[in-house]
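The values are calculated or read from the model by the stated rules, or taken from the named source; none is laboratory data. This is a predicted model, so every value here is computed, not measured. All Cβ positions, even for glycine, are placed from backbone atoms using ideal geometry, and neighbour counts span all protein chains on display.
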Amino acid sequence: MEFDNRPSPVRDAIAHTTDRWLTHLTHLAMDAVEAGDLPPDTGPAQIAFELNGIAMVANQASSSTTPPTTACAAAATEDRAKPTSSTS
């Protein structure tokens, strides 16, 4: 991602898309907290940031020859997005 430090329409479009994606993830986390699927003390913006980070690393590592990349990303996502214990 060499566009980060170079002002351009491409960088602006990437920033806009990233902001929209993080906002969407944050709203999904808020909905999950309201529905009782995530603990009430879950920080929606924080979990959105973390899940996005996991996805970015998984994408970057997808060209790696190390096989457990997908499994590691799935395990990290599942671990971070664990439902509350009272969910039925």
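At-a-glance table
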item: All positions within region 24-68 that are loosely packed, with under 12 Cβ neighbours inside 10 Å and within 17 Å of Asp79 (Cα to Cα); result: Pro40, Asp41, Pro68
item: Selection count where residues are modelled with pLDDT of 95 or more and either surrounded by 13 or more Cβ atoms within 10 Å (Cβ to Cβ) or under 15 Å from Ala81 (Cβ atoms) (or both), scope region 1-23; result: 2
item: Filter pass, Thr77 being within 14 Å of the chain's Cα centre (by Cα), surrounded by 11 or more Cβ atoms within 10 Å (Cβ to Cβ), part of a helix (DSSP H, G or I) and among the polar types (S, T, N, Q); result: yes
item: Region 37-48 residues that are of a type in the set (A, V, I, L, M), paired with ones that are crowded, with 18+ Cβ neighbours inside 10 Å and outside any loop (DSSP other than H, G, I, E, B) (beta carbon under 7 Å, 6 or more apart); result: Leu38/Ala29; Leu38/Ala32; Ala45/Thr26; Ile47/Ala29; Ala48/Leu25; Ala48/Thr26; Ala48/Ala29
